[in-house]
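*Asks:* Sharing a structure here in structure tokens format.
The values are calculated or read from the model by the stated rules, or taken from the named source; none is laboratory data. Keep in mind that what you see is a predicted model, and the values were worked out from it rather than measured. Don't worry about glycine lacking a Cβ; one is built from the backbone with ideal geometry, like all the others, and counts go over all protein chains shown. Remember, those area values only see protein heavy atoms, side chains included, never the ligands or the DNA or RNA. Shrake-Rupley method; radii C 1.70, N 1.55, O 1.52, S 1.80 Å.
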Amino acid sequence: MACFTAPLAAAIAAGVARRTVAHKESSETISWATKLGWLEKLSFGGCALLAFEHIWHGEIIFQFPFLTGVRDGNTAEVLREIATVGGAMTALILAVWIGMLIVSSAIVKRKPVAVKG
């Protein structure tokens, strides 16, 4: 019901870190601000995907308290879902981001191939 809040928190944290690092960086091939921007975008995308799915299934409504689980008194279930599903989605997003860092680092370190002609 509210699992989208976990990647949302990660996206906000990545955005804050990106803005902090951007002011202190020297010129690299791919800056950490850019890399943190990737994480921020991936996290916001995961948040949007989960929020859309919950709207689609009627678990998010456009009246206070916005979550049907909280309205029905199942706050413990909502918190459990944030921890399990939201935590798993955030971990998956983080794993994809780490994979992106590894691949981008390998591409940057690769020696250019000389073209004969």
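*Asks:* Under 7 Å between Cβ atoms, at least 6 apart or on separate chains: pull out the pairs that start in the range 17-28 with a residue that is in a helix (DSSP H, G or I) and end on any residue that is modelled with pLDDT of 85 or more and open to solvent by less than 70 Å² (accessible area, probe 1.4 Å).
*Replies:* A17/L36; R18/A33; R18/L36; R18/G37; R18/E40; V21/A33; V21/L36; A22/A33
*Asks:* Is there any pair with a first residue in the range 105-117 that is touching a residue at least 24 places away in the same chain (Cβ under 8 Å) and a second that is surrounded by 10 or more Cβ atoms within 10 Å (Cβ to Cβ) and among the polar types (S, T, N, Q) whose Cβ atoms are under 7 Å apart and which are 6 or more apart or on different chains, and what are they?
*Replies:* That search, which allows pairs on different chains as well, returns V108/T29.
*Asks:* Which members of the range 47-91 meet the condition of being open to solvent by 60 Å² or more (accessible area, probe 1.4 Å), farther than 23 Å from I12 by Cα and among the β-branched types (V, I, T)?
*Replies:* T75
*Asks:* For the range 14-43, give me each residue that is open to solvent by 40 Å² or more (accessible area, probe 1.4 Å) and at pLDDT 95 or above.
*Replies:* Residues satisfying the conditions are W38, K41, L42.
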